[in-house]
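The values are calculated or read from the model by the stated rules, or taken from the named source; none is laboratory data. If you're wondering where the values come from, they're calculated on a predicted model, not measured in any experiment. Here the Cβ positions follow ideal geometry from the backbone for every residue, glycine too, while neighbour counts run over all protein chains shown.
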Amino acid sequence: MNSTAQLRALYALQPARRPQSLSHVFFFAGGGTNSPFRNYSAYCLGKIMLIKMCELLDDEDPDINAVILGTGWVNTKIHRQTLKSTAAEENRERTAEFLKQPGAGTSFEDVFACIEWCVRSGRELVGGRNFSIVHDAWRKDGAELLAELGRDKNKFKLRRSGNA
């Protein structure tokens, strides 16, 4: 659900692509990619699959700019599942508290602004990478972050540091 459905949709859109034209593909990462996410293992693994798929698409198809964005907490209907779940444990309480705060979390405007920044920044620098909307320095022009990305082809990719 959290990876194969998105990949099926991308595959279904392939015939509609303009030949020799860059297509921008954005996926959304989720909780558990940086630490355990108790009782959300299938969700977490699906998101990790999408992180790696962005890298693979970037490597295999020069006509696709594939990027994945960690949005942080966004107030969407997906949180209703957590509130109804008996297995969600402590995350149910955290989610309920989050939803009580008007305007809390990442706004849809911030999500869209980051997408626009990625498109403007170009496939050569952002393609195949996993960005955090909340924690990465993309705002304003993101020049320092773009310089870092130009120097390090492995930055923001699924890696074990130190392996060749």
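Restricting attention to the range 123-151, and to residues there that are among the basic types (Lys, Arg) and assigned to a loop (DSSP other than H, G, I, E, B), which single residue is nearest to Leu57 (Cα to Cα)? Per the criteria, the residue is Arg129.
Only one of the numbered conditions (1) outside any helix (DSSP H, G or I); (2) modelled with pLDDT of 90 or more; (3) of a type outside the set (A, V, I, L, M) is violated by Thr76, and that is (2). Pairs meeting the criteria (first residue in the range 114-138 and within 11 Å of Ala66 (Cα to Cα), second residue surrounded by 21 or more Cβ atoms within 10 Å (Cβ to Cβ) and modelled with pLDDT under 95, beta carbons under 8 Å, at least 6 apart or on different chains) are Asn130/Ala29; Asn130/Gly70.
To keep it simple, each residue is scored yes or no on (1) buried (at least 17 other Cβ atoms within 10 Å of the Cβ); (2) hydrophobic (A, V, I, L, M, F, W, C); (3) more than 19 Å from Phe156 (Cα to Cα); (4) within 16 Å of the chain's Cα centre (by Cα).
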position	(1), (2), (3), (4)
Thr4	no, no, yes, yes
Arg8	no, no, yes, no
Arg17	no, no, yes, no
Phe28	no, yes, no, yes
Lys47	yes, no, no, yes
Ile51	yes, yes, no, yes
Glu90	no, no, yes, no
Ala104	no, yes, yes, no
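When every residue of the range 65-81 is checked against the conditions, at least one turns out to be buried (at least 18 other Cβ atoms within 10 Å of the Cβ) and either acidic (Asp, Glu) or free of Cβ contacts under 8 Å to residues at least 40 places away in the same chain (or both).
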